[in-house]
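The values are calculated or read from the model by the stated rules, or taken from the named source; none is laboratory data. Computed from a prediction, not measured in an experiment: that's the story for all the values here. Don't worry about glycine lacking a Cβ; one is built from the backbone with ideal geometry, like all the others, and counts go over all protein chains shown. For accessibility, only protein heavy atoms count, side chains too; no ligands or nucleic acids. Shrake-Rupley method; radii C 1.70, N 1.55, O 1.52, S 1.80 Å.
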Amino acid sequence: MSLNNATVNKPVSVAIEHCGKTFADGTKGLMPSSLSVDAGEIVALLGPSGCGKTTLLRIVAGLELPDAGGRVIFGGQDVTKQPVEHRQIGMVFQHYALFPHMSVHANIGYGLQVRGVDAGTRKKIVSELIDLVRLGEHAHKLPAELSGGQRQRVALARAVASQPKVLLLDEPLTALDAKLKESLRDELAELLRRLGITAIYVTHDQQEAMAIADRMAVMNRGEIVQIGDAQTLYQRPQAHFVAQFLGRINTICRSEEEMRAGIFKFGEKNLLVPDALGTTVMIRPENITLTDSQHTGLPGLVQSRTFLGDRIQYRISLPGHEAILVDAPGSSAWRIGDAVGVSFNIENLLSVMDYQT
Ligand code: ATP
């Protein structure tokens, strides 16, 4: 029995249509939001604490009803009113919620047993999943005898054992320490791809979302701000929030006068810029170049330097501007107080109209 037909139903698409959520106390947990997830696609809901990620996930799961007008559709079938137990979803949470008195093997097979799957089939599916999550030598241990990463792999295997149509993951790596989190993140990304399952993955960690998801829906204050793949969102954010949530960025506002003149005043220089450049101009630290000569680009002074291993992040003061961050190779050797030249390509300037922090 191959992995794909043993453990995964044919993946289905998920459509979330105008789903909002007003809680009983009047809190608007989610503004009406729409999102389509293709069959077999992994989409991350990414945003800061309280932005509505879990609320949206719970609506997809059937643990919350959306406000009137909202619909959830699995593979063309409207499941909005269907309770969680009928939706054929798998869930993985931050806290593993494993049965403490059951072995790894029994935990993974529990859902199949409840559904009356015969012992032979159950054994086959569970063994296959144990191999998949590489827990062969731990199959007979209890959860308390496993590391955090191993427990989370059991939780994942258990969630997919019942052949869910859709897998929902809510901050599954948050409880793990940084090093483990990184290795399990890559492992999880590979596992989900091998399973070919439709998955919605909630996280507030942009690195995690970028590593695991095919596309990300960036959320803020109960709204989906932008949906796209990691590269598009990073390189062409449509909102200031998206630009700064996905990595460090310098933000410089242009005056009405600069807008009218079609220029961007940077230090003493008036740079001619495309008409489309809005009132807020942004540039990522890695897209700015430093040189020894103040005659190249704009003259600046090194205010601080932070060694980050693969690179050094400099804070550079510029006349008439707030200081900017610049990334340079880890081998660069400028010191605090050094005079430098600052330059960048105009094509690397990003622009959005909605400047707000
Ligand atoms: P976190 O990353 O901290 O889990 P989140 O993005 O998942 O945050 P949600 O849990 O979806 O955020 O919450 C969105 C908003 O709805 C928050 O302001 C939260 O306080 C509120 N909220 C969530 N559940 C309820 C509830 N049952 N009753 C009232 N307000 C709620």
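Within segment 137-157, how many residues are open to solvent by less than 50 Å² (accessible area, probe 1.4 Å) and either in a helix (DSSP H, G or I) or under 22 Å from ASP177 (Cα atoms) (or both)? Walk me through how you get there before you give the answer.
So the first thing to find is which residues in segment 137-157 are open to solvent by less than 50 Å² (accessible area, probe 1.4 Å), and the list is 138-139, 143, 146, 148-150, 152-157.
Right, trim to either in a helix (DSSP H, G or I) or under 22 Å from ASP177 (Cα atoms) (or both) and you get 138, 143, 146, 148-150, 152-157.
Number satisfying all stated conditions: 12.
Out of the residues in segment 1-24 meeting the condition of being at pLDDT 95 or above and not hydrophobic (A, V, I, L, M, F, W, C), tell me which one is most open to solvent (accessible area, probe 1.4 Å).
HIS18
Residue-wise test of (1) more than 20 Å from LEU35 (Cα to Cα); (2) within 16 Å of the ligand (Cβ to nearest atom); (3) open to solvent by 40 Å² or more (accessible area, probe 1.4 Å).
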{"site": "LEU63", "(1), (2), (3)": "no, yes, yes"}
{"site": "PRO83", "(1), (2), (3)": "yes, no, yes"}
{"site": "HIS86", "(1), (2), (3)": "yes, no, yes"}
{"site": "MET91", "(1), (2), (3)": "no, yes, yes"}
{"site": "GLN94", "(1), (2), (3)": "yes, yes, yes"}
{"site": "PRO100", "(1), (2), (3)": "yes, no, yes"}
{"site": "HIS105", "(1), (2), (3)": "yes, no, yes"}
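Looking at GLU256, GLU268, GLU187 in this structure, which one is under 26 Å from GLN313 (Cα atoms) and of a type in the set (D, E, K, R)?
Values: GLU256 fails: under 26 Å from GLN313 (Cα atoms); GLU187 fails: under 26 Å from GLN313 (Cα atoms).
Unique residue meeting the criteria: GLU268.
Taking into account only those residues within segment 267-287 that are open to solvent by less than 30 Å² (accessible area, probe 1.4 Å) and touching a Gly at 6+ places or on another chain (Cβ under 9 Å), which is farthest from ALA339 (Cα to Cα)?
Of all residues in segment 267-287, those open to solvent by less than 30 Å² (accessible area, probe 1.4 Å) come to 267, 273, 277-278, 280-285.
Now drop any that are not touching a Gly at 6+ places or on another chain (Cβ under 9 Å), which leaves 267, 273, 277, 284-285.
Details: GLY267: 15, VAL273: 26, LEU277: 30, ARG284: 21, PRO285: 18 Å.
Filtering segment 267-287 for residues that are open to solvent by less than 30 Å² (accessible area, probe 1.4 Å) and touching a Gly at 6+ places or on another chain (Cβ under 9 Å), the one farthest from ALA339 (Cα to Cα) comes out as LEU277.
Can you tell me which residue is farthest from ILE16 (Cα to Cα) among those in segment 184-206 that are open to solvent by 60 Å² or more (accessible area, probe 1.4 Å) and without any contact (Cβ under 8 Å) to a residue 40 or more places away in the chain?
ASP186
What about ARG305, is it closer than 23 Å to ILE336 by Cα and charged (D, E, K, R)?
Numbers: closer than 23 Å to ILE336 by Cα: yes; charged (D, E, K, R): yes.
Spelling it out, ARG305 is indeed closer than 23 Å to ILE336 by Cα and charged (D, E, K, R).
Name the residues in segment 112-129 that are hydrophobic (A, V, I, L, M, F, W, C) and open to solvent by less than 50 Å² (accessible area, probe 1.4 Å), would you?
The initial filter retains those residues of segment 112-129 that are hydrophobic (A, V, I, L, M, F, W, C), namely 112, 114, 117, 119, 125-126, 129.
Matches in segment 112-129: LEU112, VAL117, ILE125, VAL126, LEU129.
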